[in-house]
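Worksheet: the structure to be examined is printed underneath.
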Amino acid sequence: MTLDTESAAGTRARRIGGLTETRAVRPESIAEAAARRARRPALLGETGRLMIIAADHPARGAIAAGGDPVAMADRGELLDRICTALERPGVDGVMATPDVLEDLLLLGVLEHKIVIGSMNRGGLAGASFEIDDRFTAYSAGAIAASRFDGGKMLLRVDADDPATADTLEGCARAVTDLAGHGLMAMVEPFVSRRVDGRVRNDLSPEAMMRAIAIASGLGATSARTWLKVPVVPDMERVMAASTLPALLLGGEVSADPRAALEGWRRALRLPTVRGLVVGRSLLYPPDGDVAAAVDAAVDAL
């Protein structure tokens, strides 16, 4: 590590360490930072692709990454990793909940970035009410007031859980409201079921096609709806289920990052796939090198 790098790391650590003081003494500085943030003029840049860092996992109580059950529990370390990722060339922006995005606003790292607010975080991981995924974070109005670029929602369709109906209705309302503000609605759909009491997503091609078909019809308009989908077998057939633009998600930290990268590369050749929205795989790679993991993902684009 060079002296300049050490100095930058030290400065960032001090700024992260000062977040609580700022929040306690000048909470209005969050809204001020959002108001003066320089926005990117268009969702897609010159490449026509998007590379988004996902960091909304902790709000659902999902703080594990790789083999560490509390990898994402240290907020300072998480913020440092996100900042490292956002500094890399080719990274367009970040998707997170209000607490994380407000920290990043105060750190000044969201200038000219695409910012997506995560909306429904009520379906806590492992809870009996997990499918009842209520909108407990951003609303469309709050995202618009913060001058962000869109909202993300998770939709898990469990035919045996009546709570699916409320989640469907909530997602449909959010899609409509976001479109009314001229903002992207990023929908992450799955067909799910409980196995030994835990919610599991069905990643078969047929299940993903059904999930995509359901998600594509949500809301009063699909004009600003994007999909967030995993890489599964037979992706060409899966992605033919909709004309909506899609981003690939990263999922759990892979024991074989090279295989994950190759899966992304293959799927990115499909006409509706326009980029990546990846979190733990890049923020907590097996070798700990966030910058190298992000650079490899950008190269896949």
Would you kindly calculate the mean projected area, averaged across all directions, of the convex hull enclosing the Cα atoms of region 22-165, in square nanometres? 10.3
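Quick one: in region 86-133, what % of C-alpha pairs are over 13 Å apart? Mind showing how you got there, number by number?
Numbers: 699 of 1128 pairs.
Distances greater than 13 Å cover 62 percent of the Cα pairs.
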Once the other residues with Cβ under 10 Å from the Cβ of Met209 are scored (Lys, Arg +1; Asp, Glu -1), what is the net sum? 0
Please give the peptides 17-29, 216-228 ranked by average Cβ packing (other Cβ atoms within 10 Å per residue), highest first, as a rough proxy for protection. 216-228, 17-29
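With a 1.4 Å probe and every protein chain left in place, work out the accessible area per residue of region 38-195 in Å², rounded to a whole number. Walk me through the numbers before you get to the answer.
Working: 5810 Å² over 158 residues.
Accessible area per residue: 37 Å².
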Computed [θ] at 222 nm, deg cm²/dmol, the chain (DSSP H ≥ 4; -39,500 (n - 2.57); rounded to nearest 500): -11500 deg cm²/dmol
The long-range amide H neighbours of Thr97, using H built 1.01 Å from N in the peptide plane and a cut-off of under 5 Å, are Ser118
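Kirkwood Rh and Cα-based Rg: tell me the resulting Rg over Rh for region 105-247, rounded to two decimals.
On the way: Rg = 15.3 Å, Rh = 15.6 Å.
Value, to two decimals: 0.98.
Counting Lys and Arg as +1 and Asp and Glu as -1, each charge on the Cβ, what is the dipole of region 131-262 about the Cα centre in debye, to the nearest 20?
Working: 14 positive and 18 negative charges, 68 e Å.
Rounded to the nearest 20 debye, it is 320 debye.
What percentage of all Cα-Cα pairs in the chain are separated by more than 27 Å?
Values: 17521 of 45150 pairs.
Tail of the P(r) past 27 Å holds 39 percent of the pairs.
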Cα-derived Rg over Rh, computed across region 225-298 with Rh taken as Kirkwood radius: 0.98
Which Cα, out of Leu178, Gly122, Phe190, lies furthest along the positive dipole direction of region 113-198 (beta carbon charges, K/R +1, D/E -1)? Leu178
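Please say if region 28-109 is rounded, prolate or oblate, where rounded means a/c under 1.5 for a ≥ b ≥ c the square roots of the C-alpha gyration tensor eigenvalues, and otherwise the choice is prolate for a/b larger than b/c and oblate otherwise?
Working: a/c = 2.22, a/b = 1.33, b/c = 1.67.
Note, shape of region 28-109 comes out oblate.
Give me the percent of the accessible area of the chain that comes from carbon and sulfur atoms, probe 1.4 Å, all protein chains in place.
52
The values are calculated or read from the model by the stated rules, or taken from the named source; none is laboratory data. Bear in mind the structure is a predicted one, so any value in this text is a computation, not a measurement. Using ideal geometry, Cβ is built from the backbone for each residue, glycine included, and neighbour counts are taken over all protein chains shown. For accessibility, only protein heavy atoms count, side chains too; no ligands or nucleic acids. Shrake-Rupley method; radii C 1.70, N 1.55, O 1.52, S 1.80 Å.
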